[in-house]
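Q: One structure, pasted below without further comment.
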Amino acid sequence: MKKLFEKHNNWFFKTGFVITVFMVTLVVIGQIWTPYDPAAMDAAAKAQGPSLAHFMGTDNFGRDLFSRVLEGAGATLIIAFFVVLLGAGLGTLIGALTGYFGGVVDEVLMRICDALTAFPSVLLALIILAILGPGRLNVIGVLGLVFIPSFARIVRTEFARIKKLNYVSLAKLQGVPTGRILLRHILPNIMPVLLPAISIGFNNAVLAEASMSFLGVGVSASEVSLGRMLSDSQNYILRGLPWYAIFVGLTIVLLILGFSLLGEGMRQEE
Amino acid sequence: MNDTPAKILEVRNVSTSYTRKSPLGKVKIQHVLHDVSFDLYEGEALGLVGESGSGKTTLARAILGFLPKYEGTIRHFSERPQVVFQDPYTALNPAKTVEWILGEPLRMLGIQDAQARRQKILDMLIKVGLDESYLSRKPSQLSGGQRQRISIAAALIMEPRFIVADEPVSALDVTIQAQILELLARMKEEFGLSYLFISHDMNVVYQLCDRVIVMRKGVVVEEGDIDQIFDAPRHPYTRELVEASK
């Protein structure tokens, strides 16, 4: 951790780190404890503004918004985490193999990636989700899939560049098996490119989940997520009760800002 | 050296070329190597001299097994050769420490005990003129000369009998050049190594090699003992190279 700060000694990284740690801590706490039961209704406290009892106010059913934001942010982060895990994981695997070995497999996979990239990924996800129907697992699967090409492309370029460097030739002469060359000799050297891509990917995943849920094809109606809440909050704005949208929006902005700054900070020196 | 030293490497009639299409669609065959033959004997330092584009690096790649296609035969009479590259900045893995870089060949040799590896690495560091304070350093924390010492250590730690050195000093300052050449000469004596020493600089070759092959445009134009080549070059191209180095 100390090393990380020495390496990225800039304000982007530091600010991003503070925001991210703050938000993630809040969300983690929110998974264990919330001031109120996020689902508990209270007829006496319907559609209130921020107060000492309800610091973000309440919704139409008298449910505590702060508790619901914590729960929703948790759901969104978990979805984003698995989306990035799937996208970056498979993307790195495909990029590493195609970049290192080249040849026909490279051609075929990259043309598929081209085709996928040519189509706006959020739109593609929207269409598939509209067909499959909403639900957490569907969102993770579909967003994860549309995230693969961007990671595959970045990783492929790096592997294709590094495989020609002398230290890889040297490893071959030393009899290092190919799998080990990929994992231990090349992979650590693409981290300066992969880590910022992951942090940006995380952002895109949060945004994409929010967009999908906002449009009603994301998480199902019984589940919470920031996007779903933002969608609900529209009704409140029209009735002159803006705090719902403001607090949910602010949470999304802070989450994304934190990861963006981290990513930017990591890219600064490279 | 005894009267009939053993062969380490035999290169016979090696040719390679690539075809280039001109914008008008004419196919042009570009010879990179043309009918190259030579032998390398145990304990010998053989210089391979030529300007850039003479095919000497391609020949080195073929000998190291990195060239997928060529005609002719290359026979090795020793274990796999090791290599010291010209550019010390890409020869060492930037993400790893010196201990890891030098430990990797040992792991490949099956030395699993970390303590045993460390001892071997330390011995080798001292042999190449460094010490244990370098163990935890990364390549970015080393100078060009230090990197080249680590590269030499990485080659030697495999205990090869034959090393291909591809312009190992041409990226270094003149004073550092002399130090690395001296180190290579010392290691040759200590380990009984054979070198194929590739360079464009006749002067550098003169300092280390016993015998020289002069290449031009993929063809061997002259071959002989270093003194003979230096004092009485026969081919005009060799004469040119010798003149340029004086």
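The values are calculated or read from the model by the stated rules, or taken from the named source; none is laboratory data. On a predicted model such as this, the values are computed, not experimentally measured, just so you know. Please note: Cβ atoms are built from the backbone with ideal geometry, for glycine as well, and neighbour counts cover all protein chains shown.
Q: B:Gly43 fails exactly one of the following numbered conditions: (1) surrounded by 17 or more Cβ atoms within 10 Å (Cβ to Cβ); (2) within 14 Å of another protein chain (Cβ to nearest Cβ); (3) outside any strand (DSSP E or B). What is the number of that condition?
A: The failed condition is (2).
Q: Look at A:Leu52 and say whether it is in contact (Cβ under 8 Å) with a residue 60 or more places away in the chain, farther than 30 Å from A:Glu264 by Cα and not basic (Lys, Arg).
A: Here the answer is no, as A:Leu52 does not meet what is asked.
Q: Limited to region A:164-177, what total is found for residues that are part of a loop (DSSP other than H, G, I, E, B) and more than 8 Å from chain B (Cβ to nearest Cβ)?
A: Residues in region A:164-177 being part of a loop (DSSP other than H, G, I, E, B) and more than 8 Å from chain B (Cβ to nearest Cβ): 2 in total.
Q: Something else about it: In the list A:Arg156, A:Arg180, A:Arg161, A:Arg184, which residue meets the criterion of being away from chain B (no Cβ under 13 Å), more than 16 Å from A:Val84 (Cβ to Cβ), more than 18 Å from the chain's Cα centre (by Cα) and in a helix (DSSP H, G or I)?
A: The match here is A:Arg156.
Q: Now for a separate question. Taking the condition of being under 19 Å from the mean Cα position of the chain (by Cα) and among the small types (Gly, Ala, Ser), how many residues in region B:1-41 meet it?
A: Result for region B:1-41: 1.
Q: If you check B:Arg75, B:Arg20, which single one turns out to be exposed (fewer than 12 other Cβ atoms within 10 Å of the Cβ), touching a residue at least 60 places away in the same chain (Cβ under 8 Å) and assigned to a strand (DSSP E or B)?
A: B:Arg75
Q: Something else now. Restricting attention to region B:122-146, and to residues there that are of a type in the set (D, E, K, R) and assigned to a helix (DSSP H, G or I), which single residue is farthest from B:Glu182 (Cα to Cα)?
A: By that ranking, first place goes to B:Glu132.
Q: Which of the residues spanning region B:224-246 are among the hydrophobic types (A, V, I, L, M, F, W, C) and either touching a residue at least 40 places away in the same chain (Cβ under 8 Å) or not in a helix (DSSP H, G or I) (or both)?
A: B:Ile226, B:Ala232, B:Leu241, B:Val242, B:Ala244
Q: Hey, another quick one. With the requirement that a residue be more than 20 Å from B:Leu135 (Cα to Cα), within 12 Å of chain A (Cβ to nearest Cβ) and in contact with a Phe, Trp or Tyr (Cβ under 6 Å, 6 or more places away or on another chain), what does region B:57-114 give you?
A: Once the filter is applied, which keeps residues that are more than 20 Å from B:Leu135 (Cα to Cα), within 12 Å of chain A (Cβ to nearest Cβ) and in contact with a Phe, Trp or Tyr (Cβ under 6 Å, 6 or more places away or on another chain), region B:57-114 yields only B:Pro81.
For (1) within 14 Å of chain A (Cβ to nearest Cβ); (2) out of contact with any Asp or Glu (no Cβ under 6 Å at 6 or more places or on another chain), each residue gets a yes or a no:
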residue	(1), (2)
B:Leu122	no, no
B:Val128	no, yes
B:Glu132	no, yes
B:Leu135	no, no
B:Ile150	yes, yes
B:Leu156	yes, yes
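Q: Of the residues A:Ala96, A:Ala88, A:Ala39, A:Ala80, which single one is outside any helix (DSSP H, G or I) and either hydrophobic (A, V, I, L, M, F, W, C) or in contact with a Lys or Arg (Cβ under 8 Å, 6 or more places away or on another chain) (or both)?
A: Matching residue, one of A:Ala96, A:Ala88, A:Ala39, A:Ala80: A:Ala39.
Q: Suppose we filter A:Leu241, A:Leu215 for residues that are out of contact with any helix residue (DSSP H, G or I) (no Cβ under 8 Å at 6 or more places or on another chain), over 30 Å from B:Val83 (Cβ atoms) and surrounded by fewer than 20 Cβ atoms within 10 Å (Cβ to Cβ); which single one remains?
A: It is A:Leu241.
Q: Please go through region B:57-72 and pick out each residue that is surrounded by fewer than 24 Cβ atoms within 10 Å (Cβ to Cβ) and touching a residue at least 40 places away in the same chain (Cβ under 8 Å).
A: B:Thr57, B:Thr58, B:Ala60, B:Ala62, B:Ile63, B:Leu64, B:Leu67, B:Lys69, B:Tyr70, B:Glu71, B:Gly72 - these are the residues of region B:57-72 that are surrounded by fewer than 24 Cβ atoms within 10 Å (Cβ to Cβ) and touching a residue at least 40 places away in the same chain (Cβ under 8 Å).
Q: When only residues in region B:186-203 that are part of a helix (DSSP H, G or I) and touching a strand residue (DSSP E or B) at 6+ places or on another chain (Cβ under 8 Å) count, which is farthest from B:Gln148 (Cα to Cα)?
A: Once the filter is applied, the top-ranked residue is B:Met202.
Q: So, in region B:93-107, of the ones that are more than 22 Å from the chain's Cα centre (by Cα) and part of a helix (DSSP H, G or I), which residue ends up farthest from A:Gly179 (Cα to Cα)?
A: Out of the qualifying residues, it is B:Glu99.
Q: Being in a loop (DSSP other than H, G, I, E, B) and either within 19 Å of the chain's Cα centre (by Cα) or exposed (fewer than 13 other Cβ atoms within 10 Å of the Cβ) (or both) is the filter here; which residues of region A:1-34 pass it?
A: Passing the criteria: A:Met1, A:Asn9, A:Trp33.
Q: Answer with yes or no whether A:Ala245 is more than 14 Å from chain B (Cβ to nearest Cβ) and either under 30 Å from B:Leu109 (Cβ atoms) or touching a Ser or Thr at 6+ places or on another chain (Cβ under 7 Å) (or both).
A: yes
Q: Ok, one more. Would you mind telling me which numbered condition in (1) assigned to a helix (DSSP H, G or I); (2) at pLDDT below 90 A:Gly218 fails?
A: Only one criterion in (1) assigned to a helix (DSSP H, G or I); (2) at pLDDT below 90 is unmet by A:Gly218, namely (1).
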